[in-house]
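The values are calculated or read from the model by the stated rules, or taken from the named source; none is laboratory data. The shown structure was predicted, so the numbers you read here are calculated from the model rather than taken from an experiment. We place every Cβ from the backbone using ideal geometry, glycine too, and count neighbours over all the protein chains shown.
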């Protein structure tokens, strides 16, 4: 059986290679592509009830609506004009705790590593207004199910499966 840390390492490496390829790929997306991605990122976006211990600062889930906006901002921008990001580091224990709890709260069959660009609203909520991170490229770790964002399982507080699972983010950006 493959260890979760081995899988996590492989996923992070794929995300980093994707980030590098994205910087060198000058292909423009069509407005149709952009509209389809935007619709998939923002339709029925809602605040997920946070089932995880959150702390001020870093390495935690972020609200889906804020993450979706950061990811769409990255899609719509020219990454060559953004401050350079060589990598994003996440704390192993916190990330594994989040990954392990996913099965309890949602149906998840895959994880997507999506690039995003930090914006002011996200930094206001999560990064103690650390505006040095404004417009920096980051990675959102997004739970997926059947090809789309994963939804929280119905509970006493959530009567339907209409609330998307908050992605994991706020790793340490390098440089």
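Against the conditions (1) in a loop (DSSP other than H, G, I, E, B); (2) under 22 Å from residue 94 (Cβ atoms); (3) at pLDDT 95 or above, residue 128 satisfies every one except (3).
Look at residue 161 and say whether it is more than 13 Å from the chain's Cα centre (by Cα), free of Cβ contacts under 8 Å to residues at least 12 places away in the same chain and surrounded by fewer than 22 Cβ atoms within 10 Å (Cβ to Cβ).
Considered against the rule, which asks whether it is more than 13 Å from the chain's Cα centre (by Cα), free of Cβ contacts under 8 Å to residues at least 12 places away in the same chain and surrounded by fewer than 22 Cβ atoms within 10 Å (Cβ to Cβ), residue 161 comes out as yes.
Among the residues of the range 83-115, those that are surrounded by fewer than 18 Cβ atoms within 10 Å (Cβ to Cβ), in contact with a strand residue (DSSP E or B) (Cβ under 6 Å, 6 or more places away or on another chain) and more than 16 Å from residue 145 (Cα to Cα) comprise 86, 87, 89.
Restricting the range 142-158 to residues that are touching a strand residue (DSSP E or B) at 6+ places or on another chain (Cβ under 8 Å), at pLDDT below 95 and surrounded by fewer than 21 Cβ atoms within 10 Å (Cβ to Cβ) leaves a set whose member that is nearest to residue 169 (Cα to Cα) is 153. Here residue 139 qualifies as at pLDDT 95 or above, closer than 18 Å to residue 171 by Cβ and buried (at least 17 other Cβ atoms within 10 Å of the Cβ).
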